[in-house]
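Q: Let me begin by handing over the structure; questions about it come next.
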Amino acid sequence: MQIAQHKAVTINYTLTNDKGEVLDTSDDGDPLAYIHGASALISGLESALEGKGAGDSLKVSIKPEDAYGMRDDSMQRVVPKEAFGGEVELEVGMVFQSSGEQGPKMIMVTAIDGDDVTVDGNHPLAGEQLNFDVEVVGVRDATTEELEHGHIHGPGGHEH
Ligand code: ZN
């Protein structure tokens, strides 16, 4: 069976950036299960997997435009410390959910200078070329229930 729209696909993958650093991997025995064609994966990776079958391996490099987009410097801004309330001890790397005009989005604290806190709404992988090393473990039809839920049930997917 080949990977196509609404197939339940299980993959093992290793994701590296252009410096060869491993950003993410399923090599700890935890394969990823997803519904193909439901935008579960970044578009460049889904296109590369189209038509592949169980046992196939592929390496694919995905440009930022087909991954998490280019960095947008206007999404980085400096806000006063008071904006976070006095409750939390701010640290670089902390992630907050902010309610923007286009719905909730994640922002990360990237610098703290006295009362000035720099926050960045870019995805941490924005602007990065992503190199995937993928092995297709299994392909089957997604069940009606899985399609309704928008995720796979069982190993690698949701348990409920
Ligand atoms: Zn479910």
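The values are calculated or read from the model by the stated rules, or taken from the named source; none is laboratory data. Bear in mind that the values here come from a model prediction, so they are computed numbers and not experimental data. Cβ sites come from the backbone with ideal geometry, for glycine too, and all protein chains shown count toward neighbours. When the accessible area is computed, the model is the full protein with side chains, heavy atoms only, and any ligands, DNA or RNA have been set aside. Shrake-Rupley method; radii C 1.70, N 1.55, O 1.52, S 1.80 Å.
Q: Filter the range 128-160 down to the residues that are open to solvent by less than 40 Å² (accessible area, probe 1.4 Å), away from the ligand (no atom under 16 Å from the Cβ) and over 17 Å from the mean Cα position of the chain (by Cα) and list them by number.
A: The answer is V136, G138, V139.
Q: Report yes if some residue within the range 103-117 is away from the ligand (no atom under 16 Å from the Cβ) and either in contact with an Asp or Glu (Cβ under 6 Å, 6 or more places away or on another chain) or in contact (Cβ under 8 Å) with a residue 60 or more places away in the chain (or both); otherwise report no.
A: Yes - at least one qualifying residue is present in the range 103-117.
Q: Scanning the range 1-23 for residues that are closer than 15 Å to G156 by Cα and open to solvent by 30 Å² or more (accessible area, probe 1.4 Å), which turns out farthest from the chain's Cα centre (by Cα)?
A: Ranking the qualifying residues of the range 1-23, first place goes to K7.
Q: Something else about it: Within the group F96, F84, which residue is more than 29 Å from H153 (Cβ to Cβ), in contact with a Leu (Cβ under 7 Å, 6 or more places away or on another chain) and open to solvent by less than 80 Å² (accessible area, probe 1.4 Å)?
A: One residue alone meets the criteria, F84.
Q: Could you go through the range 68-76 and let me know if any residue there is among the hydroxyl-bearing types (S, T, Y) and at pLDDT 95 or above.
A: Of the range 68-76, the ones among the hydroxyl-bearing types (S, T, Y) are 68, 74.
In the following step, the residues that additionally are at pLDDT 95 or above were identified as none.
No; the residues of the range 68-76 include none that is among the hydroxyl-bearing types (S, T, Y) and at pLDDT 95 or above.
Q: Something else: Quick one: L125 ticks every box in (1) farther than 20 Å from Q5 by Cα; (2) within 16 Å of the ligand (Cβ to nearest atom); (3) among the aliphatic types (A, V, I, L, M) bar one, so which box is it?
A: Only one criterion in (1) farther than 20 Å from Q5 by Cα; (2) within 16 Å of the ligand (Cβ to nearest atom); (3) among the aliphatic types (A, V, I, L, M) is unmet by L125, namely (2).
Q: Here is a further query. Looking only at the range 1-57, which residues are part of a strand (DSSP E or B) and acidic (D, E)?
A: Taking the range 1-57 and keeping what is part of a strand (DSSP E or B), we get 2, 7-16, 22-25, 32-35, 53, 57.
Within the range 1-57, D24 is the sole residue that qualifies.
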